[in-house]
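The values are calculated or read from the model by the stated rules, or taken from the named source; none is laboratory data. Here the structure is a predicted model, which is why all the values come from computation and not from measurement. As a convention, Cβ positions derive from the backbone with ideal geometry for all residues, glycine included, and neighbour counts pool all protein chains shown.
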């Protein structure tokens, strides 16, 4: 299981913004080595979720809409890629081969437990701890 590149970039965008007052897309891209099209897409999602605020105009840019202590890694990842799962069998309405021929899946319960551990760990880690 890997985070998508977009999630990785989003975490880096938020870390960058947590270290600055207001930052332009160009500076974020330069500082974090993120392709500009990705940055715009990510910032739009983060703005829509209320995690960042966009400022227009000559002195414009982006700024965190919340204190870094209020933003968790889970908030960022869930905004960008809201279906981060440890296993395909956790996808709703997914037909698992373990259920074929009337068998009972012995793996799903453990995958659900691991999913809970992952969500809990990401929910505990605050952006303020990354700067």
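Set side by side, the residues 99, 83, 94 differ, and just one is under 16 Å from the mean Cα position of the chain (by Cα), exposed (fewer than 14 other Cβ atoms within 10 Å of the Cβ) and either more than 24 Å from residue 5 (Cβ to Cβ) or at pLDDT below 95 (or both), which is 83. Residues of the range 28-43 that are more than 20 Å from residue 131 (Cβ to Cβ), in contact with a helix residue (DSSP H, G or I) (Cβ under 9 Å, 6 or more places away or on another chain) and free of Cβ contacts under 8 Å to residues at least 12 places away in the same chain: 35, 36.
To keep it simple, each residue is scored yes or no on (1) touching a residue at least 60 places away in the same chain (Cβ under 8 Å); (2) surrounded by 15 or more Cβ atoms within 10 Å (Cβ to Cβ); (3) farther than 23 Å from residue 129 by Cα; (4) more than 16 Å from the chain's Cα centre (by Cα).
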position	(1), (2), (3), (4)
10	yes, yes, no, no
13	no, yes, no, no
23	no, yes, no, yes
26	no, no, yes, yes
45	no, yes, no, no
